[in-house]
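Asks: Following this message is one structure expressed as C-alpha cells.
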Amino acid sequence: RAMSEPAPTHTLDPTPAPAPVAADAPARVRCFSGIQPSGAPHIGNDLGAIRNYVALQDRFESIYCIVDFHALTTTHDPEVLRRRTREMATALLALGLDPGRCTLFVQSHRPEVAELMWLFLTVTPVSWLERTPSYKEKRENQPEDVNHGLLTYPALMAADIVLYKASVVPVGRDQAAHLELSREIVRAFNNRYGPTFPEPQAVYTEAPVVLGTDGVRKMSKSIGNTIEIFAPADEIRRQVMSMVTDTQRIKRTDPGRPEVCNVCQLHRFFGDDYEEIWDGERTARTGCVDTKKLLVERILRHYAPARERYAELMASPATVDGVLEAGAARLRPIVDATMAEVREKMGLR
Ligand code: AMP
Ligand code: TRP
C-alpha cells in the first residue's frame, strides 16, 4: 500500500486500537510515546501531546520515553543532554504523569531498542527514509551535520513503539509522517517474517498543531518561537507579549479577527470564556495588548500547580532518577520476550 495513505486518526477520545496480532499479545492495549530532551518543554508540547499522555494513562497500559538516542542527532554536548533529560522527566511528572499509573523511562536505559532498529533497517528501503519530510528539512537546516541518525530516525521510532507491542501513539500532527513510516516498516516486517507486531496508530488532541509566537510556523524549540511552561514568569510574559496577532489589525480601533489571531486561538485552551474574549476583539472593545496580558495571566494560573511541583522535583533529583530507573527495570521482561521472539523469527537463534 502507498505510504501516503493517511493513517486512521483520533482526537482526545480514541476508540481502542485493533486487537494486537501476536498470540502472546498483552492483555491490555499498550500506549507509547516519546519526547526528545532537546530543550525546554513548551505549550505546543503540552497542548499537542503531553495532555494526551496524561489522559491516556488510565485508558491503556501506557509507556512514555525520553528519547535521548534520538536527541543525539542534534544535541552533541554530553552535559547538556544529561541535564535536559532529567529536566524533561521532571517536566512530565510535574504535568501529571504518575509513575503509579504509567511507566516513564529513558530510551538509552533499554538499549535493546538499538538492536531492534538494526533489524528493522533490513526490511526498510532507503528510499522510504530519504523521502521523510523531517530528514529533508534537517538536511537543509544543519547541512554541516547530515549524520546517518537523521536518516534512520524513523526506524528507531518504529522500534521504540513496537518493542513494547504498543499500538496507540499520542503525538502532535508534525509526527504524522513518522508514524506512517513506522506503520510501513512494521508491515514490511510482518510480511517477511509473519504477524508479529501491531501497527501503531497516531492519536491527536484537539490542538494537533500549535503555532508559535510568530503566528505562522508551528511552535518549536529549534525555531525559538515558543512559550515555555517552566521558565520564570517574566520570561513567559515576554514570550507572550512578543506574539504576532492579526497582522491586518493596525489601529487600536480596527476590529480584530480571532480566527486568524494566534493569541485568540490559544485562549481556547486556557478558559471557558474565550468566545467573550473573541467578541471583545471583533468589536475592538479590547486591544491586542489587553488580550495578551490576559493570556499571560491565564497561562500562569493554568500551570501554577505544575510549576510548583516542577520546582519541588528539581530540588529532589534522586526522586526523579528513581522513577526512571524503576521504569526501565519494569520494562525488561517485555523487552526480553519481544527480542527473543524476533531473533527466533529472523533466524538469529
Ligand atoms: P518534540 O519536542 O519534537 O520531541 O515533540 C514532543 C511532542 O510534542 C511530539 O508528540 C510532537 O508532535 C508534539 N509537538 C511539538 N511541537 C508541537 C506543536 N507546535 N503543536 C502540537 N504538537 C507539538
Ligand atoms: N520523533 C518524536 C518527536 O520528535 C519523538 C519520538 C521518538 C516518538 N520515538 C517515538 C514519538 C515513538 C512517538 C513514538 O517528537
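Coordinate-derived values only; no laboratory data. Keep in mind it's a predicted model, so treat the numbers as computed, not measured. Methodologically, a virtual Cβ is constructed for each residue, glycine included, from the backbone with ideal geometry; neighbour enumeration extends over all protein chains shown.
Asks: When a footprinting reagent is the concern and you count Cβ atoms within 10 Å, what order do His148, His267 take, fewest first?
Replies: Working: His148 9, His267 23.
Ascending Cβ contact count within 10 Å gives the list His148, His267.
Asks: In vacuum, with every alpha carbon of segment 236-288 counted as one equal point scatterer, what does the Debye formula give for log10 I(q)/I(0) at q = 0.17 Å⁻¹? Two decimals, please.
Replies: After summing over all Cα pairs, the log10 values are -0.48.
Asks: Considering all alpha-carbon pairs of segment 165-231, what whole percent are spaced by more than 21 angstrom? Can you show the working numbers first?
Replies: Numbers: 929 of 2211 pairs.
Summing the P(r) of segment 165-231 above 21 Å gives 42 percent of all pairs.
Asks: Given segment 216-329 reduced to its alpha-carbon atoms as identical point scatterers, what log10 I(q)/I(0) does the Debye formula return at q = 0.11, 0.19 Å⁻¹?
Replies: After summing over all Cα pairs, the log10 values are -0.46, -1.00.
Asks: Taking +1 at the Cβ of each Lys and Arg and -1 at the Cβ of each Asp and Glu, which of Pro133, Pro99, Val67 sits farthest along the dipole of segment 28-178 towards its positive end, judged by Cα position relative to the Cα centre?
Replies: Positive-most Cα among the choices belongs to Pro99.
Asks: Please give, to one decimal in nm, the separation of the simple spin-label points placed at Asp336 and Asp58, each 7 Å out from Cα toward the Cβ.
Replies: Roughly 3.4 nm, to one decimal.
Asks: Kindly flag which residue pairs out of Lys165/Lys218; Lys136/Lys345; Lys218/Lys293; Lys138/Lys345; Lys251/Lys292 have an alpha-carbon separation exceeding 28 Å in this structure. Walk me through the intermediate numbers first.
Replies: Details: Lys165/Lys218 30 Å; Lys136/Lys345 34 Å; Lys218/Lys293 22 Å; Lys138/Lys345 35 Å; Lys251/Lys292 16 Å.
Lys165/Lys218; Lys136/Lys345; Lys138/Lys345, as the Cα separations exceed 28 Å there.
Asks: Something else now. Mind running the shape call on segment 287-338? Use the C-alpha gyration tensor, a ≥ b ≥ c as the square roots of the eigenvalues: rounded below 1.5 for a/c, prolate if a/b tops b/c, oblate otherwise. Kindly include the intermediate steps, with their values, before the conclusion.
Replies: Working: a/c = 6.74, a/b = 2.49, b/c = 2.70.
In terms of gyration-tensor shape, oblate.
Asks: Now for a separate question. Report, in debye and to the nearest 20, how large the dipole of segment 201-274 comes out about its Cα centre when Lys and Arg carry +1 and Asp and Glu carry -1 on their Cβ.
Replies: On the way: 10 positive and 10 negative charges, 57 e Å.
Around 280 debye, computed over segment 201-274.
Asks: For segment 89-137, what does the alpha-carbon gyration tensor say about shape, rounded, prolate or oblate, given a ≥ b ≥ c as the root eigenvalues, a/c under 1.5 as rounded, and a/b over b/c as prolate? Walk me through the numbers on the way to the answer.
Replies: Working: a/c = 3.76, a/b = 1.88, b/c = 2.00.
Note, shape of segment 89-137 comes out oblate.
Asks: Which shape class, rounded, prolate or oblate, goes with the chain when its Cα gyration tensor gives a ≥ b ≥ c as root eigenvalues, a/c under 1.5 marks rounded, and past that a/b bigger than b/c marks prolate? Please report the intermediate quantities before stating the final value.
Replies: Details: a/c = 1.93, a/b = 1.70, b/c = 1.14.
In terms of gyration-tensor shape, prolate.
Asks: How big is D, in µm² s⁻¹, for segment 140-291 by Stokes-Einstein at 20 °C and 1.002 mPa s if Rh is the Kirkwood radius over C-alpha pairs? Walk me through the numbers on the way to the answer.
Replies: Details: Rh = 18.6 Å.
Taking Rh from Cα pairs, D becomes 115 µm²/s.
Asks: Taking 0.36 nm per intervening residue step and subtracting the Cα-Cα distance, what contour gain separates Trp128 from Arg343 on full extension? Spell out each step's value before the answer.
Replies: Working: separation 215, 0.36 × 215 = 77.40 nm, distance 2.41 nm.
Length gained, Trp128 through Arg343: 75.0 nm.
Asks: Among Asp254, Asp214, Asp160, which one moves the most in a GNM of the chain with springs linking Cα atoms closer than 10 Å?
Replies: Maximum among the listed residues: Asp254.
Asks: Using a simple charge model, +1 on the beta-carbon of Lys and Arg, -1 on the beta-carbon of Asp and Glu, nothing else, what dipole does the chain show about its Cα centre, in debye to the nearest 20? Could the numbers behind the result be given before it?
Replies: Working: 43 positive and 46 negative charges, 49 e Å.
That gives a dipole near 240 debye.
Asks: Pairing rule first: another cysteine's C-beta must sit under 4.7 Å. Under that rule, which cysteines of the chain stay single?
Replies: Unpaired cysteines in the chain: Cys31, Cys65, Cys102, Cys288.
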